[in-house]
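A short reminder: the numbers here are calculations on the coordinates, not readings from a lab. Remember, it's a predicted structure, so these values are computed and weren't measured experimentally. Here the Cβ positions follow ideal geometry from the backbone for every residue, glycine too, while neighbour counts run over all protein chains shown.
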Amino acid sequence: MKLSVNAPAKLNLYLDILGRLPNGYHSLAMVMQAVSLFDTVTLEETDEAGIRLRCSDPSLPCDEKNLAYKAAAAFFNALGEAPHHALHVEKRIPMAAGLAGGSADAAAVLVGLNALYGRPYALQALCDIGLTVGSDVPFCVRGGTCLAQHTGGILAPLPPLPACTFVLVKPDRAVSTAEAYAAADSVYLYHPSFTRMLQACAEQDLDGICRLAGNVFEQVIDVPERIEIKQYLRHYGAKLCQMSGSGPTVFGLFEDADAANACADALRQTFRQVFVAAPLPHGAALDV
């Protein structure tokens, strides 16, 4: 049997670092949003034992270093069965971009394998398996609009965003997540208001969400292109301009889809990786 799963990227509408934990990880407070920029993961049962992974991007590892491979291994370890599967990842989400592309692929593997095996795991159980693979994987399984806390394993659904369109711009640079956290640990951070942001989300107040959004990594991560990108986004009417995750991707939120598309066209004159996406109410999902 063979099936394909779409793996949506995520944006951080809000990201705050609450502190460092004894195990070296960080406790976070985030509002995360799945969007319609996605990879596609194809899974197929084979006669050959083991996990075989291929990827459309030759720069990606296709072994235990890949989160999709790790997710398959974690699923079969939980299931107590030996794998006989081939996986193929068709990449569209930029890498090292703050968009959780690797975690999205891992989530798609978990959702796909769960479907192939008759859904032995409920959603929360899949999220629990995903957390052993990566901190963003549980959200990428669940998707939609979510409050995510601690190391990413505590999730609570939020009301969906009002209708809007996102423009995403990935500069031609990568940001090391480990270095980003190290930089954040070394300075005093201004912390945006979490309770007011949650209230705006609960009330589906798009103006309030845009006003109260924030990402503390913008205080410590130097992405020179960010200023120019935000100038474009604001010129075309974006209600929110912000970096996602530890960067370097910058996104704008638009109420007017035509303005978003015009902005994207203008940005493509300067930047190579520009995407237009809509908010999605789900995470990894079968491509039917």
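Counting only Cα atoms, the stretch 2-159 measures 48, 32, 31 Å along its principal axes, largest extent leading. Calculated on the alpha-carbon coordinates, the convex hull of the stretch 15-94 measures out at 149 cubic angstrom per residue.
Phi angles of the stretch 15-32 translate, via the Karplus equation with coefficients 6.51, -1.76, 1.60 and θ = phi - 60°, into HN-Hα couplings of 8, 10, 9, 8, x, 9, 8, x, 7, x, 6, 10, 8, 10, 10, 9, 10, 10 Hz per residue; Gly and Pro are given as x.
Based on the Kirkwood radius over alpha-carbon pairs, what is the Stokes-Einstein translational diffusion coefficient of the stretch 88-151 at 37 °C with 0.692 mPa s viscosity, in µm²/s? Estimated via Stokes-Einstein, D reaches 269 µm²/s. Cross-link reach is defined here as a Cα-Cα straight distance under 15 Å, omitting same-chain residues fewer than 8 places apart; for K10 the aspartates and glutamates meeting it are D39, D105, D136. Of the peptides 48-54, 124-130, the order by per-residue mean of other Cβ atoms within 10 Å, starting with the highest, comes out as 124-130, 48-54.
When the helices in the chain are scored as -39500 (n - 2.57) per DSSP H run of 4 or longer and the sum is shared across all residues, what 222 nm value do you end up with, to the nearest 500 deg cm²/dmol?
-9500 deg cm²/dmol
When the chain is treated as a GNM with alpha-carbon contacts under 10 Å, the residue of D39, D265, D136 showing the greatest mean-square fluctuation is D265.
Normalising by residue count, the chain has a Cα convex hull of 126 Å³ per residue.
Note on the stretch 165-277: Kirkwood hydrodynamic radius from all Cα pairs is 14.8 Å, rounded to one decimal. Compute a Gaussian network model of the chain, connecting alpha carbons closer than 10 Å, and tell me which residue from V167, V220, V41 fluctuates the most. Among V167, V220, V41, the largest GNM mean-square fluctuation belongs to V220. Listed peptides 235-245, 4-14 appear in the order 4-14, 235-245 once ranked by packing, highest mean of other Cβ atoms within 10 Å at the front.
Remark: relative contact order (the stretch 2-159) = 28 percent; criterion is Cα-Cα distance under 8 angstrom and separation of 6 or more residues. Ranking T177, P138, F194 by how far each Cα lies toward the positive end of the dipole of the stretch 117-235 (charges on Cβ) leaves P138 at the top.
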